[in-house]
1. Roughly how many whole Å is it from the C-alpha centroid of region 283-334 to that of region 120-161?
2. Within a Cβ distance under 11 Å of Thr411, other residues only, what is the Lys/Arg minus Asp/Glu net charge?
3. All other residues with a Cβ under 15 Å from the Cβ of Thr158 taken together, and with Lys, Arg as +1 and Asp, Glu as -1, what is their net charge?
4. Shape verdict for region 1-130, please, from the Cα gyration tensor: rounded (a/c under 1.5), prolate (a/b greater than b/c) or oblate.
5. Rg/Rh for region 247-312 to two decimals, with Rh computed the Kirkwood way over all alpha-carbon pairs.
6. Using the alpha-carbon atoms, what tilt in degrees (0 to 90, nearest 10) does helix 569-579 show relative to the longest principal axis of the chain?
7. Give me the net charge of Leu711's neighbourhood, meaning all other residues with Cβ under 11 Å from the Cβ of Leu711; Lys, Arg count +1, Asp, Glu -1.
8. Determine the gain in length on full extension of the stretch Gln149-Asp414; use 0.36 nm per residue of separation and subtract their C-alpha separation, reporting nm with one decimal.
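Just so it is clear, none of the values below were taken in a lab; they were calculated from the coordinates. Please read these numbers as outputs of a predicted model, since none were measured by experiment. Cβ placement follows ideal geometry from the backbone for every residue including glycine, while neighbour counts extend to all protein chains displayed.
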Amino acid sequence: MKRDEVRRLQALERAGILDTPPEPDYDDIVRLAAESCGTPIALISLVDRDRQWFKANVGLHGVRETERVISFCTHAIEREGVFLVEDAIADERFSTNPLVQGEPFIRFYAGAPIQTEDGFPIGTLCVIDRRPRGLSESQRRCLMGLKRQLEQMLRVRTQLRQLKARNTELEQAQERMRSLNSFLQAEMRERQRIERQLLDQQELLTSLLTHIPHSVFWKDRNSVYLGCNPQFARDMGMSTPEELIGRTDFELPVLSSMRAEAYRRDDREVMESGIPKLSFEEPIDRLDGELSWVLTSKVPLKDPDGTVKGVVGIYADISERRRQEATMQEAKALIERHAAHLEEQVREAHERTLHLMEHSREAVFVLDEAGRVLKVNPVAERLLGLSREQLLGTSFESLAPEDEREPLRQTLKDLCVRGTVRLEDQGLRSADGGRVALGIAASLQVTGATRCLLIVGEDLTAKRRLEQQSIQNDRLAAMGALAAGIAHEINNPTSYVLSNLAYLQEWRDELERELAAVPGLPPRLGETIAEVKDVLAECLVGGRRIRDIVRDMRFFSHTAGEELTAVDIHSCLDVVLRMAHNELKHTARLERHYAASLPLVSASEGRLSQVFLNLIINAAQAMRSGGPERHVLRVSTAMDGERVRVDISDTGHGIPPEVLPRIFEPFFTTKPAGAGTGLGLSISQSIIQKMGGELGVQSEPGRGTTFSLLLPVS
């Protein structure tokens, strides 16, 4: 009959030997088996679900287990007695087995099944040889004897494990008994301690009831008094608490029947529901006939089993508190009305302050006592080039340049003490690294417990630039008037000189013709006449140059209004280029690319010349680093649709892309301090726009810049 495999595997598990470390007793048995049977290999093999595992091993070094499907032992455990295979190659069951065809090349196998005490085979004691052979009867008996010895060892092993388990259970039971004894002793000690505590608490409770400033009482299910403290007895007109015991509220002289009935209803409600009634206010009659108010709490009085057997009550006199509360309610109502009025005033003041901040023309900062920015207005954001989010929480002194922070820090400290301070010129650092000069007026603002610093800054940078530009404009106007006067004064003498020089030149020519007809003239006289001719020619050239300069000065300083007239672009450009000749001759070569013919444009000739001169001087300054051999100033004219186009190009250092959008802004300049006001291009653009034209720019760093003017045709 086929054995129950599940129960066999359970028996193997109960044996507790699978996957245990090697043990000398088991190693001795396999050595004896190998020696008695004369085989090189002997094994104690345990057959698990999918493998055979070797508890002891002789002859198969390093091998702990093999697959069950190829094992000989699987066949051995299914039989009684010794399972013998004398030649595995000749046995069709094993001839193709990997253990026969390969290592360990098994040819001979003899295995005796190992059985547990309840008869389940769990493995074998087997001997193996690499050559075919047989097994003698004595060797068979020896193998079976060793197998029985091994089974006995396994039974002893199981019994030892069971004994250890029982010993462990006994030790645990003893430990539980010791713990129970300790618990009982502790319980007895705890009971004694509780009894002592109860006595102490009883004494404490008696003392509390006697000296507590509140009135305490307790009643049975019928609202009959079981006891009370001295204070309650006095309230009820009794000398001692004992006089009250056994009475009801209806029997107390100070209580009316209506009051007694109300108290009884409360008692019944608490006892029937079992729910305390806490902190409720009720009236009580006094011996002097006055009505007082008390704050009462009633809780159910219960037996140990939880059955309600009465009620416990306690109350405190709150008559004075109620009078104080009424007074406080009146005061509170008055204060709330006043506070609401103040809050409205504060809100209106806050809104006015915010409105003033938002619409102020000056920069406004609100700081906390530590000097951190709490609020800013749009003017402050614009001046510093920083957003509100970037400024909030920033230390105000950190906005100043490094060398101005210490004086500003000291000023803020003085402000917290003095209340107001002024700074005539305080610098703050803008987002682009520039210095913004402010005239600061600061004051300490106190609202309740809140203190903050109000900083109002007047922008001095724009004011000073405007003052500087005004001075410069006045100077230019004075110079223009002076130039016009000088030109007028020089013009008449120059006309006389040129007229006389022309007359002298004609007279010299006539004298030369007449002397040529006279024979015998000295040679020196002829040479002198020739020299006079050269001198007069040079004087005429110089005089005409003076006349042209005077004419250009009168033209450029013309102040007779800005009305638009028909202007010849080429003539206007030539005049300006002559005036800028000295600025250009050491800087760049001049190239003119004029259109063959251009219509007249509608413009103010003086203002247009001012624009041309400003653009040409800027171009010359951009090319200072080179020379005529390197740089070129190119002036071109052409028609662009219905308008005249003028391009003024240089080969200078160019304008960076991040700067280019801002060059027409007022006061924006990349020149060093004192080298320019930053108004030239802004004014030039304004002049051209007023004439109905356009001024644009294109630039490439390192390659140069081109300013283009588009002017309407007259």
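1. 95
2. Result for the local shell: +1.
3. Neighbourhood net charge equals +1.
4. Verdict is oblate for region 1-130.
5. My calculation puts Rg/Rh at 1.02.
6. The angle comes out at about 90 degrees.
7. Net of charged neighbours comes to -1.
8. Result: 84.9 nm gained on full extension.
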